[in-house]
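Just below is one structure, and these are the notes that go with it.
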Amino acid sequence: MNSIQKNRLKDQLFKIWGIACTLIGLVLLAVFIGDILIDGLRRIDWSFITNLPSRKAEKSGIYTALMGSIWILLLTTIVAFPLGVAAGVYLEEYAKKNRFSALLEINISNLAGVPSIIYGLLGLEVFVRIMGLGASVLAGALTLSLLILPIIIVATREAIKAVPQSIRDASYALGASKWQTIRNQILPASGGGILTGVILALSRAVGETAPLIVVGALAYVPFAPSNPLDEFSVLPIQIFNWISRPQHGFIENAAAAIIILLLITFVMNGIAVYFRNKWQKKWK
């Protein structure tokens, strides 16, 4: 057997191994999701969504945690979206290409991989203690904004890099300034990639638990937040609280809440894919 045949055999073996691992992963995921659906689907109804938490499993609901998650998601978007996109545009279009910018780019990429608990400790010190926001929705949203900012910045830069240089040159040739080119050509052309990155970052934020526990999110809140300075809970923490109870009714509640959280995540990812494909078709 010559070297070419050996390489082909290795490629086939790696391919078979990859297919086998993928199938095993899909089977395990199907079993996991199937078990959750069996336990949780029968528990999902309107009262489950609108009821407050209760000591009795059959009367307990996710209203306070769901509203807390919505508040966190909205405030995080308001803070992280403009800051992340603006930073990405500046670093890609305005910042000088030197050692400092290269070091900054590496550090931003590294920050995207920092464990979320570290951001929780930072949020606890800066937002809860120094700024005096306490265990509020705003403190949680600011902490999660720090968590997803590096992801949004990297996604924005990559989306802008993908815009052909010819679009910039044509805009400059027609007399447009740098900002006019960015506003009227670069951002519309890269909008799909930017929006995809933002939505995927928010999908990560909506499922985070550790940073919010550190900044003081509660496992039990008898009321839904009505302003950014109220105390709050979120769906992942409510799920954790229920799953730790010994009664089977709370296990069913946790499974139902997991289904709703998965639906939120899938919808957000679907929106990201839709806008990405829409922008790609528009600018091809």
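In nm, give the distance between the simple-model label positions of E93 and R183, each being 7 Å from the Cα along the Cα-to-Cβ direction.
1.0
Which net charge results when you count Lys and Arg as +1 and Asp and Glu as -1 among the other residues whose beta-carbon is under 12 Å from that of T156?
On the way: positive: R157, K161; negative: E92, E93, E158.
Its environment carries a net charge of -1.
Starting at the first residue of the stretch 97-111, write each ³J(HN,Hα) from the Karplus equation 6.51 cos²θ - 1.76 cosθ + 1.60 with θ = phi - 60°, in whole Hz, x for Gly and Pro.
8, 9, 5, 5, 5, 5, 5, 5, 5, 5, 5, 5, 5, 5, 4
Report, to the nearest 10°, how far helix 3-40 tilts away from the longest principal axis of the Cα atoms in the chain, using its own Cα long axis and a range of 0 to 90°.
Here the helix axis deviates by roughly 30 degrees.
Where a ≥ b ≥ c are the square roots of the eigenvalues of the C-alpha gyration tensor, would you call the stretch 24-112 rounded, which needs a/c under 1.5, or, failing that, prolate if a/b is larger than b/c, or oblate?
Note, shape of the stretch 24-112 comes out oblate.
Test of understanding: extend the Cα→C-beta vector of F266 to 7 Å, then name every residue of the stretch 15-40 with backbone N under 20 Å from that spot.
Label zone hits: 23-40.
Just from the alpha-carbon atoms, what are the Rg and Dmax of the stretch 225-282 in angstroms?
In order Rg, Dmax, the Cα atoms of the stretch 225-282 give 16.8, 54 Å.
Provide the net charge surrounding E93, with neighbours chosen by a C-beta distance below 15 Å and charges set as Lys +1, Arg +1, Asp -1, Glu -1.
Combined, the nearby Lys, Arg, Asp and Glu give +3.
Around I243, under 14 Å between beta carbons, what's the net of Lys plus Arg minus Asp minus Glu among the other residues?
-1
At a 10 angstrom cut-off on C-beta neighbours, averaged per residue, how do the peptides 54-62, 162-170, 248-256, 230-238 rank from highest to lowest?
Output ranking for 54-62, 162-170, 248-256, 230-238: 230-238, 248-256, 54-62, 162-170.
Roughly speaking, what is the centre-to-centre gap between the stretch 38-78 and the stretch 202-239 when only Cα atoms are used, to the nearest Å?
Cα centroid to Cα centroid, the span is 12 Å.
Using θ = phi - 60° and the Karplus form 6.51 cos²θ - 1.76 cosθ + 1.60, what ³J(HN,Hα) does each residue of the stretch 43-59 get, whole Hz, x for Gly and Pro?
Ordered by residue, 3J(HN,Hα) equals 8, 7, 8, 5, 5, 5, 6, 9, 7, 7, x, 8, 6, 9, 4, 5, 9 Hz.
Report the relative contact order of the chain, percent, no decimals, based on alpha-carbon pairs under 8 angstrom and at least 6 residues apart.
27
Given the -39500 (n - 2.57) contribution per DSSP H run of 4+ residues, what per-residue ellipticity at 222 nm results for the chain, rounded to the nearest 500 deg cm²/dmol?
Value at 222 nm, helices only, nearest 500: -23500 deg cm²/dmol.
So what J values fall out for the stretch 77-83 if you push phi through Karplus, 6.51 cos²θ - 1.76 cosθ + 1.60 with θ = phi - 60°, rounded to Hz, Gly and Pro as x?
4, 4, 7, 7, 4, x, 5
Would you please give the FRET efficiency between N107 and L37, computed as 1/(1 + (r/R0)^6) with r the Cβ-Cβ distance and R0 = 35 Å, to the nearest 0.05? Mind showing how you got there, number by number?
Details: r = 42 Å, r/R0 = 1.21.
So, using R0 = 35 Å, E works out to roughly 0.25.
In Å and on Cα atoms, what radius of gyration and Dmax does the stretch 48-282 show?
Using the Cα atoms of the stretch 48-282, the pair Rg, Dmax is 20.5, 70 Å.
How far, in degrees from 0 to 90, does helix 248-282 lean away from the longest principal axis of the Cα atoms of the chain, to the nearest 10?
20
At R0 = 22 Å, how high is the FRET efficiency between R245 and S47 if r is their beta carbon distance? Nearest 0.05 is fine.
Once rounded, the FRET efficiency stands at 0.70.
Readers should treat all values here as calculations from the given coordinates under stated rules, not as data from a laboratory. Bear in mind that the values here come from a model prediction, so they are computed numbers and not experimental data. Neighbour counts are summed over all protein chains in view; Cβ atoms, including those assigned to glycine, are modelled from backbone coordinates with ideal geometry.
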